[in-house]
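Colleague: This is the structure I want to talk about, given as structure tokens.
The values are calculated or read from the model by the stated rules, or taken from the named source; none is laboratory data. Predicted model, so just to flag it, every value in this text is computed and none were measured. Cβ placement follows ideal geometry from the backbone for every residue including glycine, while neighbour counts extend to all protein chains displayed. Side chains are part of the model used for accessible areas, which takes the heavy atoms of the whole protein and leaves out ligands, DNA and RNA. Shrake-Rupley method; radii C 1.70, N 1.55, O 1.52, S 1.80 Å.
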Amino acid sequence: MKILVIQQKMIGDVLVSSILCNNLKKAYPNARIDYLVYESTTPVIEGNPNIDTVILFKNKHRTSSTKLLKLAWRIRKEKYDIIIDAYSKLESWVLVFLSGAKRRISYKKPGRSFLYTDNIPLISFPKTNLGLAIERRLSLLKPLNLPIEIDPYPKLFMTEMEIKSTIQLFEKFGVKDNRKTIMISLIGSEKSKTYPTEYMAEIVNTIGENYDVNILFNYFPKQIEIAKTIYNKCTKETQAKIYFDLLGENLRSFISIMNQCDMIIGNDGGAINIAKSLNKPSFIIFSPWIEKKIWATFEDGIHQVSVHLKEFKSKLFETYSEKELKEKTQELYAQFKPELFRDLLIKFIDTNIQQNPISSLLNIKPIRLPLSALIITYNEQKHIQEVLEDIDFADEIIVVDSYSTDKTVDLVDAFPNAKLIQHAFVDYSSQRNFAIQCAQNPWILFIDADERFTTELKDEVIETIQQTEAASAYLFYRIFMFEDTKINFSGWQTDKIFRLFQKDKAEYVTERLVHEKLKVKGKIGKLKHKLIHFSYTDYESYKSKMVSYGKLKAKEEFSKGLRPNFYHFYLHPAYKFLYQFIIRLGFLDGKKGAIICYLNALSVFVRYQELEKMRGK
């Protein structure tokens, strides 16, 4: 068997994606595992016994379409059985398209699914302290069902000669071997990822003035002026502990130097990922525009710690898009003063000067209270695949199906993270309560198959269930879609519904057969971002649903002993239409608004017509 892994990106990405090669070799020890990477990143995979051949993607392949095609032809001649594309950009699409590989695996993205045999949903939220960068890579292995226990930790491999040479280098510079050594990740890969120099000098002074340690600076020779600026801002006491000129000649020598250090502190980037792969504790200062959830890997609050401005001043992030955040990086950095996290930094250093970090990396820890996502279905083949992918950030997905006759069951069975339970339908409230009883986790996310999340809403759900003082249940506002058109009025402008709640603090009341009512013990909250409700795709499906609702409401009224009269048959439906069409501004939604108001009124009429039939029987 021949397998190619593609990761044309920076040092940290190549190092993280090497876990694919490690696990593939572990599962298929006799297979040939090749790795395609940028030429400049090879030092982080040098000596890796799990990689048979490193294929270089050079600058000429980016600048010349002819040379790119020659590389693609070379790959095609290798006749790979499997290609895993962890990059999935234009350059790799060409290589994959022309490869001829039988199995092609990558992330599911619009407009390129035809390139791959397996399109894996791009995970939006980490489920554990592995972090998104790791969890996303590991998701690419799922289609292969590897018969091994997955090892999620990137690894670097040092030679005895490299270790010996670095020890001699430390001796040459007079580094005191009776003190711990701290590496400072001084400068990020670009200005927008670099903590301000005056603030970084404060961080270094905090270390130098409070701890008897060796301090090394990580910078490239071309960045020496920035490094000198920070050094000159340090106190004499701190400067005496800095070995300013102790640098590696290249990336490989830096890896060896980092291997002799005890921890790393500073900007996120390749140096941090190298340190983690060497089992070194890290304290990361993230740029305001970078998403911490992606690169805060193995975070345990002890040996792997990171800080982000959003954790201290969340209101600054409520109105900006990712693009705007990047444009305002320096303005936001100015507010990210060291005093905000100085206590966390001191606690981190205190802990790791004394302890060995390796023990904490042996356990994968959940980052929050676990969440169960629940769906009740009947003939939802049109929606079920998308909604399952949408809620894949949940720790558990349960679909309670009332014996669908279409392909709903097959689609659920094919989804790797969903559990299917079939249960006869009596009414909506009973079916929902049954689903809740099946859930294993303390938080419940109850979703209909025709509802969809925005990225912002997913973020808000995850942040909400991590709060120590969370409410018992949360209402979601919804955007109502009819025939793929947003309806702004017609009674839907203030539509809200319970979708997130704590399992032991809520249940559906059994008196309501339709439009279920959740009974909540404790505080009720509201989420800011809206759920998208693709309720009805055409007139007939909407009419059918309204008629069904009307008949269920008739059963409720029958149990109450209601006797319908002229008001119920004529005045109530007319009032329903006029209220929604005029008072609730349905006329502003045009023809679709008139249809919605009419069908809602029809549901009322059907209710009392059905009730009359039931009473007659």
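Colleague: Spin-label point model (7 Å from Cα, Cβ direction): what's the residue 405 to residue 454 distance in nm?
Modeller: If labels sit at residue 405 and residue 454, their model points lie 3.9 nm apart.
Colleague: Be a star and scan segment 68-84 for residues whose amide nitrogen sits under 12 Å from the point 7 Å along the Cα-to-Cβ vector of residue 97.
Modeller: 69
Colleague: What order do you get for 459-469, 561-571, 603-613 when each peptide is scored by the mean count of other beta carbon atoms within 10 Å, highest first? Please report the intermediate quantities before stating the final value.
Modeller: Values: 459-469: 14.6, 561-571: 12.4, 603-613: 20.0.
Output ranking for 459-469, 561-571, 603-613: 603-613, 459-469, 561-571.
Colleague: Order 167, 384 by their accessible area, 1.4 angstrom probe, all chains in place, largest first.
Modeller: 167, 384
Colleague: Oh, and also: Tabulate in residue order the Karplus-calculated ³J(HN,Hα) for segment 494-499, using 6.51 cos²θ - 1.76 cosθ + 1.60 with θ = phi - 60°, rounded to whole Hz; enter x for Gly and Pro.
Modeller: Per-residue couplings from phi come out as 10, 4, 8, 8, 6, 9 Hz.
Colleague: Now, a different point. Okay, helix-only estimate at 222 nm for the chain: each DSSP H run of n ≥ 4 adds -39500 (n - 2.57), divide by all residues, round to 500 deg cm²/dmol; what do you get? All intermediate terms of the calculation are to be shown ahead of the outcome.
Modeller: Numbers: 23 runs with 233 residues, N = 617.
For the chain, the value works out to -11000 deg cm²/dmol.
Colleague: Which peptide among 391-400, 582-591 comes first, and what is the full order, when sorted by highest mean count of other Cβ atoms within 10 Å?
Modeller: On the way: 391-400: 21.8, 582-591: 15.5.
Highest-to-lowest ranking by the protection proxy: 391-400, 582-591.
Colleague: For the chain, what is the convex hull volume of its Cα atoms per residue in Å³? The partial results should precede the final answer.
Modeller: Values: hull volume 112.9 nm³, N = 617.
Taking the convex hull of the Cα positions in the chain, it is 183 Å³ per residue.
Colleague: Let me ask something additional. Take the Cα gyration tensor of segment 239-304, multiply each eigenvalue by 5, square-root it, and list the three semi-axes largest first, rounded to whole angstrom. Don't jump to the answer; show the numbers that get you there.
Modeller: Details: eigenvalues 97, 35, 32 Å².
In descending order, the three semi-axes are 22, 13, 13 Å.
Colleague: Here's a follow-up. What percent of all Cα-Cα pairs in segment 260-354 falls into each 5 Å bin, going from 0 up to the bin containing the maximum distance?
Modeller: Over segment 260-354, the share of Cα pairs per 5 Å bin runs 2, 13, 24, 23, 18, 12, 6, 2, 0 percent.
Colleague: While we're looking at this one, here's another question. Need the full-extension length gain, residue 617 to residue 587, defined as separation in residues times 0.36 nm minus the C-alpha distance. One decimal, nm. Write down the numbers at each step before the final one.
Modeller: On the way: separation 30, 0.36 × 30 = 10.80 nm, distance 3.98 nm.
Full extension of this stretch gives 6.8 nm more.
Colleague: Using the structure shown, select from 79/155; 382/419; 193/292; 458/496; 193/228; 109/315 the pairs with a Cα to Cα distance greater than 21 angstrom. List each step's numbers first, then the result.
Modeller: Values: 79/155 28 Å; 382/419 19 Å; 193/292 12 Å; 458/496 17 Å; 193/228 19 Å; 109/315 31 Å.
Going by Cα-Cα distance, 79/155; 109/315 fall outside the 21 Å limit.
Colleague: Ratio of alpha-carbon Rg to the 2.2 N^0.38 Å globular estimate for segment 89-130, to two decimals, please. Present the calculation step by step, with values, prior to reporting the outcome.
Modeller: Working: Rg = 12.3 Å, N = 42, 2.2 N^0.38 = 9.1 Å.
It is 1.35.
Colleague: Further question on the same structure: In nm, to one decimal, how far is the residue 59 label point from the residue 167 one, both placed 7 Å along Cα→Cβ?
Modeller: Roughly 3.9 nm, to one decimal.
Colleague: Need one number: % antiparallel among DSSP beta bridges in the chain, to the nearest 5. Don't skip to the answer; put the middle values down first.
Modeller: On the way: 17 of 80 bridges.
Counting only bridges with both partners in the chain, antiparallel ones make up about 20 percent.
Colleague: What's the angle, to the nearest 10 degrees (0 to 90), between helix 11-27's Cα axis and the longest principal axis of the chain?
Modeller: So the inclination is approximately 80 degrees.
Colleague: Using just the C-alpha positions of segment 149-235 as equal point scatterers, what log10 of I(q)/I(0) does the Debye formula give at each q in 0.14 1/Å?
Modeller: So the normalised log intensities are -0.67.
Colleague: Still on this structure: Quick check on packing: order 284-296, 196-208 by the mean number of other C-beta atoms within 10 Å, highest mean leading.
Modeller: Peptide ranking by packing, descending: 284-296, 196-208.
Colleague: Taking 37 °C and 0.692 mPa s as the conditions, I'd like the Stokes-Einstein D for segment 68-199 in µm²/s, using the Kirkwood hydrodynamic radius from alpha carbon pairs. Intermediate results must be reported in sequence, preceding the final value.
Modeller: Working: Rh = 19.2 Å.
D = 171 µm²/s.
Colleague: For segment 537-617, build the convex hull from the C-alpha positions and give me its volume per residue in Å³.
Modeller: Working: hull volume 6.9 nm³, N = 81.
Considering the Cα atoms of segment 537-617, their hull volume per residue is 85 Å³.
Colleague: Place a +1 charge on the Cβ of each Lys and Arg in segment 114-175 and a -1 charge on the Cβ of each Asp and Glu, then give the dipole magnitude about the Cα centre in debye, rounded to the nearest 20.
Modeller: Values: 7 positive and 7 negative charges, 36 e Å.
With only Lys, Arg, Asp and Glu charged at Cβ, the dipole is about 180 debye.
Colleague: Using a cut-off of 19 Å between alpha-carbon atoms, which aspartates and glutamates can reach residue 77, once sequence neighbours fewer than 8 places away in the same chain are excluded?
Modeller: Hits, sequence-local ones excluded: 34, 52, 85, 91.
Colleague: Work out from phi, with θ = phi - 60° and the Karplus expression 6.51 cos²θ - 1.76 cosθ + 1.60, the ³J(HN,Hα) of each residue of segment 106-114, listed in order in whole Hz, and give x for Gly and Pro.
Modeller: Listing the rounded values in order: 7, 6, 6, 9, x, x, 9, 5, 5 Hz.
Colleague: So how tilted is helix 590-616 from the main axis of the chain? Cα-based, degrees 0 to 90, rounded to 10.
Modeller: Result, in degrees: 50.
Colleague: Nearest 20 debye, what's the magnitude of the dipole of segment 396-470 about its Cα centre given +1 on Lys and Arg Cβ and -1 on Asp and Glu Cβ? Numbers along the way, then the final one.
Modeller: Values: 5 positive and 14 negative charges, 56 e Å.
Using only the charged Cβ atoms, the result is roughly 260 debye.
Colleague: May I ask you to evaluate 6.51 cos²θ - 1.76 cosθ + 1.60, the Karplus curve with θ = phi - 60°, for each residue of segment 334-339 and list the ³J(HN,Hα) values in order in whole Hz, giving x for glycine and proline?
Modeller: 4, 8, 8, 6, x, 4
Colleague: As an exercise, take the mean of 1/r over every pair of distinct alpha carbons in segment 465-617, invert it, and state the Kirkwood radius in angstroms.
Modeller: Values: mean 1/r = 0.0582 Å⁻¹.
About 17.2 Å for segment 465-617.
Colleague: Also: Rounded to the nearest 5, what is the percent of antiparallel bridges among the DSSP beta bridges in segment 255-330?
Modeller: 0 percent
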